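The structure under discussion appears below in the form of structure tokens.
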Amino acid sequence: MHDAYEPVPILEKLPLQIDCLAAWDDWLLVGTKPGHLLLYRIKKDAGTNRFEVTLEKSNKNFSKKIQQVLSLPSFVSENNIHVHDLLTFQQITVVSKARGATLFACDLQQSSSGEAKLRMCVAVKRKIQLYYWKDREFHELQGDFAAPDIPKSMAWCENSICVGFKRDYYLIRMDGRGSVKELFPTGKQLEPLVAPLADGKVAVGQDDLTVVLNEEGVCTQKCALNWTDIPVAMEHQPPYIIAVLSRYVEIRTLEPRLLVQSVELQRPRFITSAGSNVVYVASNHFVWRLVPISIASQIRQLLQDKQFELALQLAKMKDDSDADKRQQIHHIQNLFAFNLFCQKRFDDSMQVFAKLGTDPTHVIGLYPDLLPSDYRKQLHYPNPLPVLSGAELEKAHLALIDYLTQKRSHLVKQLNDSDPFTTSPLMEGTPTIKSRKKLLQIIDTTLLKCYLHTNVALVSPLLRLENNHCHIEESEYVLKKAHKYSELIILYEKKGLHQKALQVLLDQSTKANSPLKGHERTVQYLQRLGVENLGIIFEFSPWVLKICVPAVAAGKEAGELGEYRSKLLSFLEVSSSYEPERLISDFPFDGLLEERALLLGRMGKHEQALFIYVHILKDTRMAEEYCHGHYDPSTNGNKDVYLSLLRMYLSPPDVHFLGPIKMELCEPQANLQAALKVLQLHHSKLNTTKAINLLPANTQIQEIQVFLESVLEEKAGRKRFDQVLKSLLQAEFLRVQEEHIFHQQVKCVITDEKTCRVCKKKIGNRYKVTFFIHYSCRTINNEDT
């Protein structure tokens, strides 16, 4: 909280009870319960908060109490609408149709040409009348609206009128049809409060809550204002909204939602304003003026409280020169962005810094260990920086990556511009970078460090950029520290430091767990060097030639190695008494690849196993033997194993496909000829549609035609076989049917003379049966037998 206003007494112990008031310029109108209308001139003493108050005029001609007064050309209500001159109180006109009026609201609009347009709505019992002002008279704007109840409070909201009744709020649209929209209940208090806001919206009260609505009746704020008591009146003085509560006046802001100040006054009831920064509050017998504290003092207080958003709003309202105003706004915005960073709202902070054009090195300096220490010592910040670690530091780095990527994109486009390059400091007096190339070097080097902290996979693409500006020594240091030697090779190659790159390859070639172990990467690097680097080729090729021999198959090595490895391969292939998922973790990452492929096959990871055979061992025969051993058309996991082999030939995955296994020694290459051979030899074991979809677009029609002919020929042969089999089965079916019919035709007629062969008794009635023995007799006969 801070002090935005100071209450200064204007009228004290007025003998007449105040029922309404209005103000304009240096004038204050007070309407009283006995019907007196008082006009005061309020003059401020220069350099103080004292006021000279003079009663200029008093009008006692109103027979009833003055319920409402408004200073436009001044509208005064005593159950009717009277229009008076503001200074002489001379009556200009009376709106005769509005007799019985209990409430009115006016809307004064200024056109771009300076012409004023005045509209008025009047509540007369359960009707709302609409008027416009022309030629010193009020004329009907359109027909009356029927209201569901007597209006208690209302205000214009652009082309709508928000009306509060005893129980509900409604919105009446000025669309020619008088559309009425029910909004929401007034709350437990049952006393509505509608107050116009400076931006054409209205503030609507519901108990101790206030919401802001537009002309469509839609709430424009995410959350309602929550007062400490129920407001009885409100006034909008941007950026503040002032509410009269039962015991004091409360001052808040809509955005951000802050309680700014509570001013204790003796039973305040009314509030009005005479324009910007002139606010009067009244009780039954007292009137106070809320004198605003100077904007400069408020800003200082807000900056101490770290309320930067409100400080920015006030800074934009200052009467300073444009240059001074821009400078202060920029300073506050920088403090705001810095505070967002300290609150660990990293994305929001980076967005503000990006809009401000703050020197990126000052933003990078917010992070630990990203800038060289000698340069970092030159940077100054408003407050101590937060200590970041773990997940918070990673989140902060990700926000910085987005910010620097955006800045880098702009700088690259402007790299060759002749225009002078400037950035603004976060703190005045701090040095800034004047060169685009120098700033790009710092940004790229910082991105490299951030990628090493968050996503190592992005390091290589950054270093491969043709226009990468990474600082060589700094990048070399961080890559070595992180043991990212493959990425270090890319850095050296792009910077033309081939000797350094080849020396690293040589040093890493003999290290057991290094991704650069072996000679393959050196061979590939040497192959990319042209004749201009012939001396380097001669320098680093001999060690490769010395260690290159024709490789021995697994299990065929000489001595005990071959013997034990052969047994291991046999065991892994035949035995079912081990769990491959547990055993595979014991195998090294830089050897025993045939064994690893067997374990992957046992685990059902066919593509990884085939990757080893095809792209590491480069043995197509073993790959086909593997598919032959695992193919099973009735099992989901094994029926597409040949399709996996085809995919491995046509669309080889990334070198990191096997995870931590050291795969930098091989560069997977597509092998169309091997793929076509699989199509030719194993077409019956492939899903035709999936296989064709895998073929590259540049595959020759002839090659696809051969594959399809083989598939169609195989399908046709199967169809012929099925047709022959169907014919044979049909013939067999007919033969059995014929035999069945033949046996059904055999029958025997049993007469009274027929006797059972067992008991010798007569059988009796006629039955169509195939035997002449009682069933029970037959059972006895069988048991005897």
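Scalar couplings 3J(HN,Hα) for region 343-350, obtained by applying the Karplus form with A = 6.51, B = -1.76, C = 1.60 to θ = phi - 60°, are 7, 6, 9, 5, 4, 4, 4, 5 Hz; x denotes Gly and Pro. The aspartates and glutamates within cross-link reach of K747, meaning a Cα-to-Cα straight distance under 18 Å and a gap of 8 or more places when in the same chain, are E738, E739. Pairs with C-alpha atoms separated by more than 29 Å, drawn from the list K395/K500; K437/K484; K222/K395, are K395/K500.
Bridgeable aspartates and glutamates around K60 (alpha carbons under 19 Å apart, same-chain partners fewer than 8 residues away excluded): D19, E78, D85. Stokes-Einstein, applied to the Kirkwood radius of region 524-605 over Cα pairs at a viscosity of 0.692 mPa s and 37 °C, places its translational diffusion at 207 µm² s⁻¹.
The share of C-alpha pairs in region 476-586 whose separation exceeds 21 Å stands at 55 percent.
Per-residue Karplus couplings for region 723-730, computed as 6.51 cos²θ - 1.76 cosθ + 1.60 with θ equal to phi - 60°, are listed in order as 5, 4, 4, 5, 4, 5, 5, 5 Hz, Gly and Pro entered as x. For a straight C-alpha distance cut-off of 18 angstrom, the aspartates and glutamates reachable from K407 (same-chain residues fewer than eight places away being disregarded) are D347, D348, D359, D417, D419, D444, E466.
Which value results for Rg/Rh of region 560-682 when Rg is the Cα radius of gyration and Rh the Kirkwood radius based on the inverse mean 1/r? Reported Rg/Rh (Cα atoms, Kirkwood Rh): 0.96. Per the Debye calculation on the chain with a single equal scatterer at every Cα and no solvent contribution, log₁₀ I(q)/I(0) for q = 0.05, 0.06 Å⁻¹ amounts to -0.61, -0.73. Around the amide H of W27, modelled in the peptide plane, lie the amide H atoms of I42, all under 5 Å away and 5 or more residues distant in sequence or on another chain. Of all the Cα-Cα pairs you can form in region 322-495, what percent are over 29 Å apart? Value for region 322-495 (Cα pairs over 29 Å): 19 percent. The phi-based Karplus calculation (6.51 cos²θ - 1.76 cosθ + 1.60; θ = phi - 60°) puts the 3J(HN,Hα) values of region 566-572 at 5, 5, 4, 4, 5, 4, 5 Hz, whole numbers, x for Gly and Pro. Along its three principal directions, the equivalent ellipsoid of region 244-316 from the Cα gyration tensor extends over semi-axes of 25, 13, 10 Å, largest first. Amide H contacts under 5 Å for V260: I251, R252, T253, restricted to partners 5 or more places along the chain or on a different chain, H placed in the peptide plane at 1.01 Å from N. Farthest towards the positive end of the charge dipole of the chain, among the residues A203, L303, V387, is the Cα of A203, using unit charges on the Cβ of Lys, Arg, Asp and Glu.
Over 20 Å apart at the Cα level, from the set K166/K188; K690/K715; K511/K618, are K511/K618. For N455, no residue whose modelled amide H falls within less than 5 Å of its own remains once neighbours fewer than 5 places apart on the same chain are excluded.
Quick note: the coordinates plus some simple rules give every number you see, no bench work behind them. Predicted model, so just to flag it, every value in this text is computed and none were measured. Cβ sites come from the backbone with ideal geometry, for glycine too, and all protein chains shown count toward neighbours.
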